[in-house]
Every structure is written in structure tokens, then in C-alpha cells.
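The values are calculated or read from the model by the stated rules, or taken from the named source; none is laboratory data. Bear in mind the structure is a predicted one, so any value in this text is a computation, not a measurement. Here Cβ is always computed from backbone atoms with ideal geometry, including for glycine, and neighbour counts include all displayed protein chains. Heavy atoms of the whole protein, side chains included, go into the accessibility calculation; ligands, DNA and RNA do not. Shrake-Rupley method; radii C 1.70, N 1.55, O 1.52, S 1.80 Å.
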Amino acid sequence: MSSFRNRLLALMLGLIVATQSVTLFAVLARVGDDVEARAGENLIAGASYASQFLQVRSGQLAAAVAVLAQDYGFREAVASADSATMGSALANHMRRVNADVGLIADIDGVVQVLQAGSRRESSLTLKQLQVQANGGGPQAFNAVVGDQAFQFLLVPVRAPRTIGWVALGFALNDELAGELKHLLAADVSLLALDAGDAVLAASSLSEGQRRELQQSARQLPQGGSAQRWRTGEGGGWLVCVAPLPGNGDRLYLVLQRTMTSVQAPYREVRDVMLAVGGTALFLAVAFGVWLARTMTRPIAELEEAAGRIAQGDYSANVMAKGGRELSRLAASFNSMQRGIADRETQIRHRAYHDELTGLPNRFGAEQALEEMLRQYGSNALIGCVMISAHSVREVNASLGYRVGDEAVASLAKRLQDTCGRNDIVARVGAYRFLIVVRQCSLEQARLLAIRLQATVRAELAVDGAMLSLNAAFGVCASPDHGYEASLLLRRAEIALQGALDGDRPVVVYESGRDQGYHRRVQLTAELHKALKNNDLRLVFQPKVAIADRRVRSVEALARWRHAELGEIAPAEFVTLAQQTGLIRQLTRTVLRKAIRQLGQWRKMDVEIEVAVNVSAQDLMDVTFADEVLAELRQNGVPPTLLVLEITESAAMREPVTTAQHMQLLRVAGVRFAIDDFGTGYSSLSHLSRLPVDELKIDRSFVSRSHESRDDRIIVSSTIELGHAIGLRVVAEGVETHEVWTLLRQLGCDYAQGYLISKPLEPSQMVDFVRRANEVLTDSSPTLAQLRALNIREG
């Protein structure tokens, strides 16, 4: 029933059945009422006819009695009171007219002769017969004698005056009722109703029906109209009760028909109409089924076409028939089908191709490589070169993303021109490309990577500027490094990562590097969980002011102990955070912990600065300043106690934007330091534009400054230049007394390193700061350093 065709068929059949049912019931009800009304009219007319019949009979009987009363011999016998002659004449006349009762009475009404005809079935008693001679003409009256009803005709005997009366009585019996039933097509009964019981004088009913009528006679509807009369367990009767004309006893003529016989014409009409209605319904059902199928066939075709489209088959058009509307719908459907096919083609192309360069993307490259491996089999010589043009990041930072995109597109075109027509050139990342070469051994793939270096580094003319890009190459090949496309791509990426980490231009995949790759994948996933579950902890390394030898500042350092891999080096997980986009979350975690720890130390009357490392992504975030200041306010820490350390390269990535965001915090009191100074490509003239408070000389220069003349010159120059532009200078990696002495001689402001202390847990810092400040300020430099070392080692 859920299908449209079934619902349409049900609707049509429902309307047809409802319409026919209403029509049929209305017509049948009307026919039933008309049949009953006509039957009632027939009964009323029958009652009138029966009354007229009896009146005519009465007139005929009166004429017969008048003949007897005028007979000369009969009058002589009455005048002479000759009973024998009167009786003989009466009997003869009764036989001629078939009278049932005859009598002769004198002038006073006293019966002289009484005769009963041969039709009498029971004896009559004179006591039940009253003769009243009122007037001189013939009289008709009805009389009930016992359970028998008679119609009497009384005529005066004159000679010439009235000398007596002669009366003939005719029985109103079952025979008469039967004749009337035959004439009227209805059962006829004569009923006498007096103050006593009702007497059923004559009837055409059966014996049981007679008893039922006599018992219920008092409940009969009267008034001369035809009405229903229900009695017993039958279907009831249609009854008309009319008084019988004449004087004497009150007799009623009862005409009745069973409702079954009354409704016989109705049933015939009903049966015919039901047959006609059933035939019409059958034809309607057949027509409805045909019509529903005809109307829903185009919809079924559309449904079938929709199923084909759902399975990706757009080849067949829909040819729907059934009218202009359906034809237009089919045309629209075909147009939609073509549109879906075109869009799916575009989507499929976009899913497997790079929009900027038109090259296959990673999915397309993997699919093409799988097809190539299937085509050439397990012994196929296929070389894979993964290229990272990472210097495009600097192009985006300095010249904008539009120029960077043009550079990527130009590089893609150059790679296509360099490679063969049957080779695969794909863009598998923002700055990464993949070259897949057929019939290429591992050594040939390595040589191809070396040759492609020149292709990538050759200057590109982009937007009026000449750009030279740097790139790293990872190489692997089949069958040396696997037979699956996904495995070859992963190992090419592992080799590329090795080139990036080792700062080498070309690296060939070596067996065993998968473990390192899997470790990176595992740590990346676990780092996200560790940041979410707050599993990282902080340690703090003190910094000593060289002039007064007091601990005034500490650097917050993140530590991560993995449940399976143990302690993870900060350089490893920080690099992962930068590469996977988790660096902002890592910075937030470290900042939040450091500021909260600083607030706890202040409650313990320990006033020291805390330095926290931040990344370039942090400084480019417009919400970073608000987050830092909100955390400081929440923990009641003055902004002047927080130092944010940024690397030299991060500060110079977008110096204008970086300076603007730094200035917001600088105005509030937060200070900034340039970390690992000397390892980047900037100069103090560039850094002078940034709101920086201190420089941190990289440990690579400080640790050998007492031995290497060049390193000592770099350290000395950095200190002098930093002081010249108003910055304080911090030396990292101070591990020997000689370095300490040299830094003091050069006028360096702060020293940080293992000579002073290793990174300490937060619970150790308060005691260390208090004890170190006491010892260092009261001792000579050499002894103070030794004592500080003893404090650290103790």
C-alpha cells in the first residue's frame, strides 16, 4: 500500500465504492419506502373495495328478501300465522339464494320461524339475535352469534300494511375471507370488538396466525390507514383496519400482508441493483487497475531511472509517455541526469586532481601507481621521487599567497616538461610533488632526483620577480622497497623527511626507517591525547644575573613522559607539534601551567620572572594577546614577570604583523626575548624594529667561547651590539667556570646552563632560589660557583 500506484488505486476504488454505496443505499431506501407506501395504498384500496363488495352483496340480498316478502302465498301464510307454510316457504327461498339463516317475526318483533341453512356449522341461539323494526323499509345489519358473524337483510311483510318481518342472514365466514383474499391479494379477517374479548369471526389466515391475531387484536392500529404491525418473532405485517358498514354489531375488516411479501418487489430491485453495482464495481476495479498502471508506468520508469542513476549509470534516457506533463517531467529528469553526470565527472576529477596545477593529487597518484604496478607485475621497475619545495613557505610569507601559488603552478609545469609523457607527475601536498617513472631502477631514480634539483632551483619569473626555490628529495623504488602503492608512497615520504631533518638534498629510503616513521605517527597521535589529558609537565631552569649573582629568572621547559616510550625529547615532540598544527595547543598548555605556577610562587613570596617559548604561529594569532593577558589577570600575576621567547627566524617570518601583535603585549608589560640568536639569517638592524627586551646567545657559540677565538668574537660582538640598542643579553649553555669568567669579563647580563643548575621540578625551585641567592651574594665568584654547583648536585 506504500506504493503510489496502490494508493492511487485505493483512492479511485474508495471514491467509486463510496459513491456507489451512497447512491445504492439512497435508491434502495427510496424504493423500500415507495414499495411499502404502494402496498399500504393497495391495502387501503382493498379495504374500500371489500366494503363496497359487501354493500353490493347487501343490495343483492335485499332484493332477494324483497321477492320473498312480496310473494302472495308467503304473505297469506304470515297473515294467517301458518307456521308450517311460512317455514316451508322460508326454507325454499333460503336454498335459492344460499342464505345461512332465515327468520320470520310478527309485527312486535317476536320470532315466529327460524331456519338454519345447510352451510351452518354450529347451532344458533335466538337469544343472541335482536330484531328491531325501526321504520318501514328494508334494513341491513350485522350480527355476531357465538363466534360466527352474519350479514342480515330485514324486509317488512305488507298486506298492504306491515304484518310481520322476514330476515335472511348470510354468514361472513372463512370462505368469504378467502374469496376476498383472492381478489385483494391480501389476507382478510373479520373481527368483532366489544367490551369483552375480541372475536375473530372469519379469516384467511392460518391457524397459528389466527390465534396470534386474536390475542393481539386490541393492539391493532386503527384509523383506516396502513401501518406496520410487528407481532411474534416474524418480520411483522402491514395492516389496514377498517370498520365494516352496516348496523348492529360492530365488525372490523382487517386486511394484512406480511412484510416479507410487501418487500418482495424491493428485494427484486435490490438484487438487481446489487448485481448492477457489483458489475459496475468489478468494471471500475478493472478500469482502475488499468488506469493506475497506465498513470504510474511513467513514474515506475522514472523510479527505475533513478535507481540506475544511484548506481552511477547515466547512459539511458527516460522516455515517459502519458501526457504533456509527464513528458516535460521526463525531459527535466533527463536534464537532471546529464547535470548529475557532468557534476560527478567534475567531482571525480577534483577528487583525484589538484585544482591549482591540474596534476593528479595524492589519491589520483596512488590510484595511477596501483594501476601501473598491476600492469607490470611484481618485477616492475618503478621509481618514485617525492619532492618538497619547502621554500615556497618563505615566498608566501614575503610576497603573499598569490605569488606562492603562481610559483607552485610554474614549478608543476616545469616538472611536467622535464619528465616523460608516460611518467606520473602529481601534486601530493601544499609544497610537495611526486614523480613516478616506469622502467626505472633505484639508482636511476636517485640520478633523476639529482637532475631535478637543477630544474627546481632554476629561477622562475613570477609576477615580475625572479624566484629561486630550494627543495628536498626522497627516493624509493619497486621492487626494492615494496610492491604496493601506499607502501611506496609512505617510504618516499620517509626518505623525504630524512632529507628535511638532515638538511640533505637527496635521500634514498633505507630499510629500518619505517620504525622511525611509525614512531612519529604514534607520537603525533599520542601528543594530541597528552595535550587533551594535560599529561605534559613543566620543569624550570634558573638564570643568574652575572653582576650581582642572584637568581632573578627561570625558563619554563615542557617535559613529556610516554607510558610506553618513556621520556620524549622536547626537540622531538615540539617539532611534531609544529608539523602537525598542535603548536598552538602546546603553547597554551605551557603558558597556562607556567603562569599558574608563577602565581603560586608569588603567594610564597618568591618574585622571579618566568620565560616561556612561543612559536611564529602563536604570534600570528590575533587572539593570542588576549589569552595571555586573561590568564595573567586570572592568576593575579603582573605582566612584567612574564617573558616570551621567540626564535630569530620566527620573528622575521612576517616582521610587520609580528611586531604589531607583540606590541599589544609589550604595552601591557609583557617582555620579549629573541632565543637562539645568531643561528638565523637576520641582523640586529632588523630586530631593532621589534619590541624586544633581551637577546639569548645560542649555546653553540657560548659553550666554546673560551676555546674558540671566532666564537668569543661572536659572543663579544653580540653583547656589545645588544647593549648598544638597549637590550639585556642572556648566554645559554654555560657549563664551565671558564665560560662564566669570560662572560663576566665581557659584561654579559645573565647566564643559564648546567653550571648553575639543571632544570628543576616546581617543588624544588623555591628552596633552590632562596639558598642560591644567599650563597652567591656572600661569596667570591669562584667559591660561589662551586657552592651553587653543590646546591644543584645536592
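For SER189, SER48, write out the residues from largest to smallest accessible area, computed with a 1.4 angstrom probe and no ligands counted. If you can, show how the numbers build up before the last one.
On the way: SER189 0, SER48 55 Å².
From most exposed to least exposed: SER48, SER189.
Could you calculate the contour length gain from VAL111 to ARG230, that is, 0.36 nm times the residue separation minus the distance between their Cα atoms, to one decimal place in nm? Before the final figure, lay out the partial values.
Details: separation 119, 0.36 × 119 = 42.84 nm, distance 4.54 nm.
Result for the pair: 38.3 nm of gain on full extension.
At q = 0.11, 0.14, 0.18, 0.21 Å⁻¹, what log₁₀ I(q)/I(0) does region 1-102 have when each alpha carbon counts as one equal point scatterer in the Debye sum?
Computed log10 I(q)/I(0) values: -0.64, -0.77, -0.93, -1.04.
Note the full-extension length gain between ASP271 and LEU565 as 0.36 nm times their separation in residues minus their Cα-Cα distance, in nm to one decimal.
Values: separation 294, 0.36 × 294 = 105.84 nm, distance 9.53 nm.
Using 0.36 nm per residue and subtracting the Cα-Cα distance, I get 96.3 nm.
Can you tell me the Rg and the Dmax, both Å, for the Cα atoms in region 456-534?
According to the Cα coordinates of region 456-534, Rg and Dmax are 16.9, 50 Å.
Which angle from 0 to 90°, rounded to the nearest 10, does the C-alpha axis of helix 83-97 make with the longest principal axis of the chain?
40 degrees
Give me the accessible area of LEU496, 1.4 Å probe, in Å² rounded to the nearest 10.
0 Å²
What's the Kirkwood radius of region 367-456 in Å, using all Cα pairs? Let's see the in-between values first.
On the way: mean 1/r = 0.0712 Å⁻¹.
Computed over Cα pairs of region 367-456, the Kirkwood hydrodynamic radius comes out at 14.0 Å.
Taking Cα atoms, how many degrees apart are the long axis of helix 762-777 and the longest axis of the chain, rounded to 10 and kept between 0 and 90?
The angle comes out at about 20 degrees.
Counting other Cβ atoms within 10 Å, which GluC sites (Glu not before Pro) in region 319-420 have at most 11 and lie in a DSSP loop? Intermediate values should be presented prior to the final figure.
Values: sites: GLU325, GLU344, GLU355, GLU366, GLU370, GLU371, GLU394, GLU406; in loops: GLU355.
Taking region 319-420 and a limit of 11 other Cβ atoms within 10 Å, the loop GluC sites (Glu not before Pro) found are GLU355.
Mind checking which aspartates and glutamates have their Cα closer than 18 Å to the Cα of LYS593? Skip sequence neighbours fewer than 8 apart in that chain.
Within the straight-line cut-off, LYS593 pairs with ASP535, GLU555, GLU607, GLU609, ASP618, ASP626, GLU627, GLU631, GLU645, GLU761.
What is the Rg over Rh value, at two decimals, for region 542-637, using alpha-carbon atoms and the Kirkwood definition of Rh? Intermediate results must be reported in sequence, preceding the final value.
Details: Rg = 15.2 Å, Rh = 15.0 Å.
A ratio of 1.01.
With only alpha-carbon atoms in the gyration tensor, what are the semi-axes of the equivalent ellipsoid for region 383-535, in Å, largest first?
Numbers: eigenvalues 142, 108, 29 Å².
Ellipsoid semi-axes (Å, largest first): 27, 23, 12.
Could you pull out the pairs from LYS696/LYS758; LYS603/LYS696; LYS529/LYS603 whose alpha carbons sit more than 20 Å apart here? Don't skip to the answer; put the middle values down first.
Numbers: LYS696/LYS758 18 Å; LYS603/LYS696 29 Å; LYS529/LYS603 32 Å.
Violating the 20 Å limit, Cα to Cα: LYS603/LYS696; LYS529/LYS603.
Name the residue from GLY733, ALA330, ALA611 whose Cα lies farthest towards the positive end of the charge dipole of the chain, charges +1 on Cβ of Lys and Arg and -1 on Cβ of Asp and Glu.
Going by the Cα projections, it comes out as ALA330.
With a 1.4 Å probe and all protein chains kept in place, how much accessible area does VAL574 have, in Å² rounded to the nearest 10?
Answer for VAL574: close to 50 Å² accessible.
Ignoring any ligand, DNA or RNA, what whole percent of the accessible area of the chain comes from carbon and sulfur when the probe is 1.4 angstrom? All intermediate terms of the calculation are to be shown ahead of the outcome.
Details: 20390 of 39970 Å².
In the chain, the share of accessible area belonging to carbon and sulfur is 51 percent.
Compute the angle between helix 4-70 and the longest alpha-carbon principal axis of the chain, please, reported from 0 to 90 degrees and rounded to the nearest 10.
10 degrees
Which FRET efficiency value, to the nearest 0.05, do you get for SER216 and ALA185 by plugging their Cβ-Cβ distance into 1/(1 + (r/R0)^6) with R0 = 30 Å?
Values: r = 23 Å, r/R0 = 0.77.
So the FRET efficiency works out to roughly 0.85.
Given R₀ = 45 Å, FRET efficiency for PHE282-THR258 by Cβ-Cβ distance, to 0.05? Write out the running numbers ahead of the final one.
Numbers: r = 35 Å, r/R0 = 0.77.
Calculated transfer efficiency: 0.85.
Debye sum, Cα scatterers, region 405-459, no solvent: what log₁₀ I/I(0) at q = 0.20, 0.28 1/Å?
Rounded to two decimals, the profile gives -0.74, -1.33.
Need one value: the accessible area of THR294 in square angstrom, 1.4 angstrom probe, rounded to the nearest 10.
That residue has around 50 Å² of solvent-accessible surface.
To the nearest 500 deg cm²/dmol, what mean residue ellipticity at 222 nm is calculated for the chain from DSSP H runs of n ≥ 4 alone, each contributing -39,500 (n - 2.57), summed and divided by the residues? All intermediate terms of the calculation are to be shown ahead of the outcome.
Working: 26 runs with 415 residues, N = 794.
Value at 222 nm, helices only: -17500 deg cm²/dmol.
Kindly report the accessible area of the chain per residue (heavy atoms of protein chains, probe 1.4 Å, no ligands, DNA or RNA), in Å².
Working: 39970 Å² over 794 residues.
Roughly 50 Å² per residue, with all protein chains present.
As a test of reading the structure, rank LYS181, LYS696 by solvent-accessible area (1.4 Å probe, protein chains only), most first. Provide the component values of the computation, followed by the final result.
On the way: LYS181 85, LYS696 0 Å².
Result of the area sort, largest leading: LYS181, LYS696.
Describe numerically, in nm with one decimal, the distance between label points set 7 Å from Cα along Cα→Cβ at GLN585 and at SER700.
3.1 nm
Could you tell me the relative contact order of region 438-537? Use alpha-carbon pairs under 8 Å, at least six residues apart, and round to a whole percent.
Values: 100 pairs, mean separation 22.2, N = 100.
Here the relative contact order equals 22 percent.
Taking amide hydrogens as modeled 1.01 Å from N in the peptide plane, which residues meet the under 5 Å criterion relative to GLN115, leaving out close sequence neighbours?
Excluding prolines and chain starts, which carry no amide H, the hits are GLY102, LEU103.
So I have [x] 107, 61, 56; [y] 77, 71, 69; [z] 198, 73, 46, and one of them is Cα extents along the principal axes in Å calculated from this model. Which one is it?
Label [z] holds the value from this structure.
Using a Förster distance of 56 Å, how high is the FRET efficiency between GLN416 and VAL667, based on the Cβ-Cβ distance and rounded to 0.05?
Values: r = 52 Å, r/R0 = 0.92.
For R0 = 56 Å, the calculated efficiency reads 0.60.
For the chain, what's the relative contact order in percent, using C-alpha pairs closer than 8 Å and at least 6 residues apart? Let's see the in-between values first.
On the way: 1248 pairs, mean separation 52.7, N = 794.
Reported relative contact order: 7 percent.
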